[in-house]
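Here the structure comes first, spelled out in structure tokens, and everything after it is commentary.
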Amino acid sequence: MTDIPLSWNKRADLRAFRFLLKLFPEDFLEEYEYWLIQTFRDQINDTASRKEYFSLWVKVFLDLVKNAILERVNRFSINNHPALADVLWILGFSLLYVFTSQWWNSYGQRIFRPLENTPFGQSAWSGLVSSAMMGFVIGLSQWVFIRKYIHFNWAWPFATGIFYSVGGFLGGGIDYYIFTNLHKFEVLCKLSVYHANFHSTVQQYLFPLIKAYFVSLSQVLFLPKSRFRWLWIPVNLITWLSSRQLTMYLYSSFYRVGPFSNWDVFGDFAEGLILAVFLRMLFTMVELEGTSGEMAGELTSA
């Protein structure tokens with residue numbers, strides 16, 4: 001390869017080629033830029049027709065873009081970008097949480113709907129079995145992201161499912177039998193405003209909060225040992241309340257917006273975000289505590 005003199009238009013092509021080389025990482029260009037320029041210089045100088053000229057540029061441009069992307073991907077490591085890794089982890093956890101929750105609410109629970117008409121179906125089947133399966137599915141989506149950090153790996157989704165069923169029995173079983181007559185419109189009309197509000201509060205807040213408490217209490221035992229892990233219980237309660245309030249606000253504020261009306265998607269996403277942020281902070285804190293403990297041990301031994 002020699003530095004053959006180029007015409008003014010081909011010198012412009014060479015400048016354009018050098019500009020496109022900026023797509024590559026700097027360390028790659030330090031090693032290969034000279035040879036790439038020389039190769040292109042010879043190729044562009046050998047073009048004798050407009051057809052050859054355009055075909056060369058199409059081939060060169062596509063190869064440059066493809067190889068530049070591959071070089072940058074090969075040099076990119078998510079572990080070298082901790083902030084981006086945290087963001088992707090939190091978003092992934094939240095989206096999978098939303099997907100499993102919405103999938104169950106839309107399709108999974110239909111499996112158990114016929115059982116509601118059986119004896120004790122409202123309490124036993126709907127409250128226990130359906131809730132247990134929903135808890136297992138949600139616990140499985142959480143387990144996918146946290147399995148590297150928790151004890152008794154596979155026990156997490158099973159324990160989550162069991163305690164979802166306990167919460168489901170409280171919410172769907174006891175509520176059904178204690179307030180069975182209150183579900184009838186004729187009786188509700190005769191209730192005072194105070195009793196109607198009390199019944200609505202118990203249904204919408206008390207039983208679901210008890211459910212969230214039992215679920216978080218069962219899960220906290222699987223989290224890595226840290227002085228902060230017991231915050232998992234109040235975080236779950238706050239998370240559920242925040243999700244519930246957001247959903248109620250969206251339904252009441254945008255009820256006329258159509259055709260979309262499934263605003264609980266945003267409530268599930270908010271719930272997943274809050275839980276993911278806390279878990280990511282907890283795991284980071286555990287790693288820092290472990291590192292500081294190792295350093296203290298080395299200093300003591302020295």
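Odds and ends about this structure:
- Residue within the range 192-209 that is at pLDDT below 90, surrounded by 13 or more Cβ atoms within 10 Å (Cβ to Cβ) and β-branched (V, I, T) present: yes
- Residues within the range 19-39 that are open to solvent by 60 Å² or more (accessible area, probe 1.4 Å) and either of a type in the set (F, W, Y) or at positive phi (or both), tallied: 4
- Residue match in the range 155-176 (condition: open to solvent by 60 Å² or more (accessible area, probe 1.4 Å), modelled with pLDDT of 90 or more and part of a helix (DSSP H, G or I)): yes
- Among the residues of the range 213-231, those identified as open to solvent by less than 30 Å² (accessible area, probe 1.4 Å) and under 18 Å from I162 (Cα atoms) are V215, S216, S218, Q219, V220, F222, L223.
- Number of positions in the range 266-282 that are out of contact with any Asp or Glu (no Cβ under 7 Å at 6 or more places or on another chain), surrounded by fewer than 20 Cβ atoms within 10 Å (Cβ to Cβ), under 14 Å from V235 (Cβ atoms) and touching a residue at least 60 places away in the same chain (Cβ under 8 Å): 1
- The lone criterion from (1) at pLDDT below 75; (2) among the hydrophobic types (A, V, I, L, M, F, W, C); (3) open to solvent by less than 20 Å² (accessible area, probe 1.4 Å) left unmet by A124 is number (3).
- Within the range 40-65, tally of residues that are at pLDDT 85 or above and either among the aliphatic types (A, V, I, L, M) or loosely packed, with under 13 Cβ neighbours inside 10 Å (or both): 10
- The residue list W104, W89 contains one member that is closer than 30 Å to F278 by Cβ, surrounded by 14 or more Cβ atoms within 10 Å (Cβ to Cβ) and at pLDDT below 85, which is W104.
- Test: residue in the range 5-27 that is polar (S, T, N, Q) and at pLDDT 80 or above: no
The values are calculated or read from the model by the stated rules, or taken from the named source; none is laboratory data. Because the structure is a prediction, the values reported are computed rather than measured. Cβ sites come from the backbone with ideal geometry, for glycine too, and all protein chains shown count toward neighbours. Heavy atoms of the whole protein, side chains included, go into the accessibility calculation; ligands, DNA and RNA do not. Shrake-Rupley method; radii C 1.70, N 1.55, O 1.52, S 1.80 Å.
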